[in-house]
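This report refers to the structure that appears directly beneath it.
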Amino acid sequence: MKYNLNIIFWFVIASCFCVPTLRAQEDGDFRDKEFIIHGGFGLSALSYSPTIGKLENGFGGQFGVSYRLGLSMYSSTWSLLMGTEVAFYKASFSLDNLETFSDVRYIDAGIPNVTGSFQFQNTITTYKETQSTMLLQIPLMLQFQTENHNSLDFYFAFGGKFGLPLSGKSKSSATSVKNVGDMKYYNATPDEQRFMGFDTFGDVERENKLDFNMAVLASVETGLKLTFDAMSLYLGIYLDYGLTNIQPKDQKSFIQYNPDNPRDFFVNSVTESTFMQNNTSSPITEKIIPMTIGFKVKLGF
């Protein structure tokens with residue numbers, strides 16, 4: 001899913017100006033109000049269960065602004081939280097060895113006047129990949145806090161967030177990729193025609209743009225609130241857990257023939273790839289959700 005980044009940018013700018021403006025417009029409304037700046041850090045992962053290979057979760061963080069509005073004029077126990085934040089998610093994937101293949105039309109390989117296709121067979125050795133994405137998250141939460149009327153209170157917040165992908169990318173490397181063409185039409189299996197993409201390629205590195213989908217997350221947060229004369233300090237822990245699959249919809253062959261430059265074949269991200277074994281196509285990943293757990297610091301004014 002693609003978004004207009006200009007619209008998102010101006011939405012964030014408008015939020016930064018509107019939130020403090022809301023605080024200034026009390027007009028006799030004595031409900032508890034607070035403008036909050038926050039930042040968090042911890043385990044911040046693109047979580048998925050790969051059908052092959054091994055996943056390692058990454059670390060990231062988030063920062064943003066929010067506005068807390070009391071739901072009662074007589075008590076600050078319950079409040080509504082709303083705002084915007086930017087969150088960063090990462091993951092790493094590794095694979096020792098894999099043999100796979102895909103079908104390529106002869107005409108796409110520069111072989112005219114031949115109908116049908118051949119098998120583009122691949123052997124990948126020591127493959128590693130990192131994925132990362134940045135989401136613009138829009139939280140809407142309810143907060144409960146104690147009213148001890150002193151400098152230390154307990155708070156607990158829960159609710160949901162919408163996450164709009166701002167960017168997504170992957171970086172991969174393989175010790176070697178061996179490509180062979182199984183051309184039954186010619187009864188041949190070329191494996192040294194580098195100009196056609198058939199050879200053993202060492203130290204293969206690639207970068208790809210990832211088009212993740214919008215996320216919906218459940219969110220909880222709890223901790224302590226320290227109140228001073230002109231500000232409040234929140235120290236807490238938080239958990240965001242994705243409820244929707246953000247995996248790119250378009251699935252491609254893991255190793256993909258490049259008709260324009262066969263020597264520069266495509267190595268697609270495992271988040272959007274399939275592999276072939278025993279004439280059966282299987283996705284490397286089936287569901288991807290963003291999740292994070294970590295520590296959060298907030299300043300309220």
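Here is how the numbers come out for the structure above:
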read-out: E221 vs. criteria touching a residue at least 24 places away in the same chain (Cβ under 8 Å), surrounded by 16 or more Cβ atoms within 10 Å (Cβ to Cβ) and acidic (D, E); value: yes
read-out: Meets criteria (among the polar types (S, T, N, Q), assigned to a loop (DSSP other than H, G, I, E, B) and at pLDDT 95 or above) for T271; value: no
read-out: The stretch 131-160 residues that are touching a residue at least 60 places away in the same chain (Cβ under 8 Å) and part of a strand (DSSP E or B), paired with ones that are acidic (D, E) and exposed (fewer than 15 other Cβ atoms within 10 Å of the Cβ) (beta carbon under 9 Å, 6 or more apart); value: D153/E147
read-out: Enumerated strands (runs of 3 or more DSSP E) restricted to the stretch 1-114, each holding at least 3 residues that are within 18 Å of K298 (Cα to Cα) and at pLDDT 90 or above; value: 33-47, 59-70, 78-105
read-out: Residue in the stretch 231-252 that is farther than 24 Å from A45 by Cα and not in a strand (DSSP E or B) present; value: yes
read-out: Residue identified as without any contact (Cβ under 8 Å) to a residue 12 or more places away in the chain and either buried (at least 18 other Cβ atoms within 10 Å of the Cβ) or within 28 Å of S94 (Cβ to Cβ) (or both) among N278, N213, N268; value: N278
read-out: Qualifying residue in the stretch 59-81 (condition: surrounded by fewer than 17 Cβ atoms within 10 Å (Cβ to Cβ), of a type outside the set (D, E) and closer than 25 Å to E286 by Cα); value: yes
read-out: Qualifying residue in the stretch 180-192 (condition: modelled with pLDDT of 95 or more and either under 16 Å from Q131 (Cβ atoms) or not small (G, A, S) (or both)); value: yes
read-out: Hits in the stretch 225-247 - residues which are out of contact with any strand residue (DSSP E or B) (no Cβ under 8 Å at 6 or more places or on another chain) and farther than 17 Å from F88 by Cα; value: F228, D229, A230
read-out: Tabulated pairs, the stretch 181-201, first under 14 Å from V114 (Cα atoms), second in a loop (DSSP other than H, G, I, E, B) and among the aliphatic types (A, V, I, L, M), C-beta under 7 angstrom, 6+ apart or interchain; value: Y185/V114
read-out: Subset of the stretch 179-190 (residues that are of a type in the set (S, T, N, Q) and surrounded by fewer than 15 Cβ atoms within 10 Å (Cβ to Cβ)); value: N187, T189
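Condition check ((1) among the acidic types (D, E); (2) at pLDDT below 95; (3) over 30 Å from A87 (Cα atoms); (4) exposed (fewer than 15 other Cβ atoms within 10 Å of the Cβ)) across all residues:
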| site | (1), (2), (3), (4) |
| --- | --- |
| Q121 | no, no, yes, no |
| E129 | yes, no, no, no |
| L135 | no, no, no, no |
| L152 | no, yes, no, yes |
| L166 | no, no, no, no |
| V177 | no, no, yes, no |
| R194 | no, yes, yes, yes |
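The values are calculated or read from the model by the stated rules, or taken from the named source; none is laboratory data. It should be emphasised that the depicted structure is a prediction, and the values quoted were computed from it without experimental measurement. Please note: Cβ atoms are built from the backbone with ideal geometry, for glycine as well, and neighbour counts cover all protein chains shown.
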